[in-house]
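For reference, the structure discussed in these notes is given below.
The values are calculated or read from the model by the stated rules, or taken from the named source; none is laboratory data. This one's a predicted model, so the numbers in the text were calculated from it and none came from an experiment. Every residue, glycine as well, gets a Cβ built from its backbone with ideal geometry; the counts of neighbours run over all protein chains shown. The area values use the complete protein model at the heavy-atom level, side chains included, leaving out ligands, DNA and RNA. Shrake-Rupley method; radii C 1.70, N 1.55, O 1.52, S 1.80 Å.
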Amino acid sequence: MLQRMKTHTVKIGSVTIGGNNPIAIQSMTNTKPEDVNGTIDQIMRLKKAGCEIIRLAVPTMDAARHFGEVRKEVDIPMVADIHFNHKLAIAAMENGADKIRINPGNIGSLDKVREVVKCAAERNIPIRVGVNSGSLEKEFIEKYGHVTAEGLAESALKEAAVIDDMGYHNLVISIKSSNVDMCVRAHEIISKQTDHPLHVGITEAGTLKNGLIKSSVGLTQILGQGIGDTIRVSLTADPIEEIYAAKEILRALKLRTGGVEVVSCPTCGRTQIDLIGLAEKVTEAVKDYPLDIKVAVMGCIVNGPGEAREADIGIAGGNGKGVIIKKGEIIRECPEEKLLTELLKELDELI
Ligand code: SF4
């Protein structure tokens, strides 16, 4: 089991992160703040997929009010994302935010930050502070010559220190960069210098395919060193994809268990069925099953059963015939077109 870096705990509504708590999966809504019903629907969908904390942009006072309306309808911790205006941070907290995300550096004067901290402290609401490579302060660019991992880590620690120095330590820190190397290095540096929980992710990772690869490469290196207490996979795609990606990354690293893991053969000259289509359908059909098992989808009856030995249940097919496999042994046959239905029947029996 991976040794996690020591961090203190932070309670975000009903979810506690830090310490030995599971790494919480989060995402952000992309509905318009005034579309209260659409936002509620999206949050429910994300929650069903496995999202544990949801962040909403709060760009205006109206948005803070809508945040409150959504808050009343959903039972998942909600984070308000604030830029520039400290009054929005306060309004979001008054409207039920379970956490706020601010950058003290862009909130304005220290007095304004102090007002935000006072409001958070009265309600014991955690504050996430952080830096992004795209908006790193000039001071750290000049100090290191350009945007560097060292500069990012130092800037994030400085932001956190502003609030720590006010006597409030209910903090989460994030460092974001779309440069995988820099992002990993910055996390390595900061994790040695703070015990505040870390929100990790590769920012602006890109569209679905590219973003998944970049996020997986970066997050594997960060999480693989025991760094990170909550994760957001940032994708230019439906936010639900961020949840599935986060779950897969955490599961591959054995940082979370649960869910159906689908393995499928890469196809070859012996493949006798539309395996690509079938594997896609199986992956889609099982993604919300409350089981912790491995399912194999194989492209031929000759080698498939043997190659599916490590899976709890498998299916293979070819030339019109399908087989259901358990631990490498064929347990029964079915018509090829019934493979998906027969697999789901097997899974239903296990629930
Ligand atoms: Fe090829 Fe069959 Fe192996 Fe799939 S299971 S890679 S079709 S030999």
Suppose we keep only residues that are within 26 Å of PRO22 (Cβ to Cβ) and part of a helix (DSSP H, G or I) within the stretch 264-297. Which one would you say is least open to solvent (accessible area, probe 1.4 Å)?
VAL286
Flagged in the stretch 274-303 as within 20 Å of LEU347 (Cβ to Cβ) and within 12 Å of the ligand (Cβ to nearest atom), in numbering order, are LEU275, LEU278, ALA279, ALA296, VAL297, MET298
Quick one: VAL323 ticks every box in (1) assigned to a loop (DSSP other than H, G, I, E, B); (2) modelled with pLDDT of 95 or more bar one, so which box is it?
(1)
Every residue from the stretch 163-179 that is touching a helix residue (DSSP H, G or I) at 6+ places or on another chain (Cβ under 9 Å), open to solvent by 10 Å² or more (accessible area, probe 1.4 Å) and at pLDDT 95 or above:
MET166, GLY167, TYR168, HIS169, ASN170
Restrict the check to the stretch 241-263 and report whether at least one residue is within 16 Å of the ligand (Cβ to nearest atom) and either part of a helix (DSSP H, G or I) or open to solvent by 20 Å² or more (accessible area, probe 1.4 Å) (or both).
yes
Residue by residue through the stretch 73-105, note down the ones that are in a helix (DSSP H, G or I) and either open to solvent by less than 40 Å² (accessible area, probe 1.4 Å) or under 15 Å from THR60 (Cα atoms) (or both).
HIS86, LYS87, LEU88, ALA89, ILE90, ALA91, ALA92, MET93, GLU94, PRO104
Within the stretch 211-222, can one find any residue that is under 17 Å from ARG4 (Cβ atoms) and open to solvent by 10 Å² or more (accessible area, probe 1.4 Å)?
yes
Go through the stretch 1-56 and give me each residue that's β-branched (Val, Ile, Thr), open to solvent by 20 Å² or more (accessible area, probe 1.4 Å) and part of a helix (DSSP H, G or I).
VAL36, ILE40
